[in-house]
Every structure is written in C-alpha cells, then in structure tokens.
Amino acid sequence: QEDFEAGLPVAVLSESTARRLFQTSDAAGREFQLNYVTFRVAGVVKDVSNLATASYAQAWIPFTSTSTADFSWCDYMGPLSVTILPRDEADVPAIREEYDRLFAELGDEAKINGWKFILRERPYTQEVTANTPWASVSPDMSGVYRRRIITYLILLLVPAVNLSSMTHSRLRRRAEEIGVRRAFGARRSVIMTDIFLENLIITLFAGMLGLLLSLGFGLIFGGTVFAPGFGTSIESTGISLGILFHWSTFGWTMLFCFLLNLLSTGLPALNASRINIVNALTGKR
C-alpha cells in the first residue's frame, strides 16, 4: 500500500518473464528497465493464462508509478477500469450500493461542469460483460437468455428426433427378445426401465469418453483453438486442466445428455413395451 501511494517503480513479474530476464524465477529484489525506468522486482507469481483477459499480464506495476491516472477526457473519463472479486456472492448488493452512492456524489460534481453520467445498469457481472460488447449500449440479458433457451431447445429436439428413430429401429430388431420376456411375465414398466437404463449406461460411457477426448484435444491444441483476440498478448495461450475442466460444467453437460437420452428413448421404449406378444414371437411388425 505504501509503495502504491508513493508511486514507487516496483513490479510483480510472472515466472516466465522473470526467467526470461534473469534466468531464474527467484528474482525478488532485482532490477530491470521498463520504458527507460528502473523497476525493482517486488515478487514473482505463477503465469496467468491470457484467456483470463481481466487479470492476464506479464508484469504488474502500480498505475501511480506512471502518468496513466492523469490521462483523461473531460476530467472524468480515462483508460482505467476496475474488476472486483467479491469474497461472497452475498456481498454483491453492498458493492452495488456503494457504487451507486459514489457515482451519485461524482454525478453531482459533474453537473456543475455540465456533464451527466449514463451508467447503463453498471456495474456489470462477468456474464453481463461477456454479452455486452459495446459500452454505449445497455445490456439486453433477457434477449440473451431467450436466444440461449431457443438454442438449447434446438440442440435437444433435433438430435432427439434422429436418435429416437435409431432407437426405434434397433428395438424393432429386438422384437423377438422383448416378446419372449413378455411371454415369461415381464411387465411393461420393467421393459421400459431396462431399455432406458441400457441407453443411460451408453450415455455415461460416451460422456466420459467425450470428456477425456476433449481434455486431451484441449491440452494438445489449446494454444491454437483458445487463442485470444488480436492484441491481447504476444505469448501463447496457457492452458491447464483447471481452466478446461469444471465439475459444474461437466454436470450440466451430463444433465443435457440425460435429457436427450430421455427424449430419444421414451417413445420407442413405450412402443416396444406395448408390442403384441404373438406378433413379436412370430417376427411380425
């Protein structure tokens, strides 16, 4: 805090940058030149993936050690932005309240000079920021959610229709087997449950196989596939399992597959359970 308030030229380096400059990551206390200014290394941290656009850097310095804070338009607008990481989601309302209070005070000051702030529902969460590309446009999250739901429904219904036809065709070839089970007293509910569980087991195995293939592909080709936009950095993208894999995402994916399995198996399983025993045993359709 003292270094920040004094605007001292100190820096925190990423491990790869420290090794590039000093051939070692143990560089605390050493000095380097940045824009013809001598900076002292205050510490070294692990590399940050440049997919994390709000936190990625190779060197972090106090903005008070530069003239950035003095560069502004109309005395109120400048190049600085702030990203806040709350300790808990319950702190977000308090953050918004303080934000509104501070901007109300700044707005009263701006009115004296003939200016007015248009906040457009700020501050934004990360989700809103990702779906609001222009600073001069208010976020339309209802439209985003609506398009997202339509997309999910299409992704569910179209494959479900195709898979349902495939399941129906496969069950027709097993008509004799189902007829024998019905002849020996198997209830329709048992047959439907068995057919559903068969497809569910296949879904689980396919989900795990897809997860392994996705992680392998991401680790091998992640630097190309997940490359950030132009101008983000000159370094290759750092990809780790912690970035690629989250249990919540995998859980939602498997739930999606479960619903798809339910939609594609339900009607064929119901039809198979209602098959006439005599027709099934004689091979009639």
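Looking at Leu153, is it in the same structural domain as Leu259 (by TED's automatic domain parsing) and of a type outside the set (D, E, K, R)?
Spelling it out, Leu153 is indeed in the same structural domain as Leu259 (by TED's automatic domain parsing) and of a type outside the set (D, E, K, R).
Return the residues of the range 211-249 that are in a loop (DSSP other than H, G, I, E, B) and at pLDDT 65 or above; say none if nothing qualifies. Before the answer, list the steps.
Keep residues of the range 211-249 that are in a loop (DSSP other than H, G, I, E, B), which gives 226-240, 245-246.
Result: Phe226, Ala227, Ile239, Ser240, Phe245, His246.
Evaluation of Lys46 against the conditions (1) touching a Pro at 6+ places or on another chain (Cβ under 7 Å); (2) loosely packed, with under 13 Cβ neighbours inside 10 Å shows that the sole unmet condition is (1). The residue list Pro86, Pro133 contains one member that is closer than 30 Å to Phe256 by Cβ, in a loop (DSSP other than H, G, I, E, B) and modelled with pLDDT of 85 or more, which is Pro86.
The values are calculated or read from the model by the stated rules, or taken from the named source; none is laboratory data. Keep in mind it's a predicted model, so treat the numbers as computed, not measured. A quick note on method: Cβ atoms are made from the backbone with ideal geometry, for glycine too, and the neighbour counts reach across all protein chains shown.
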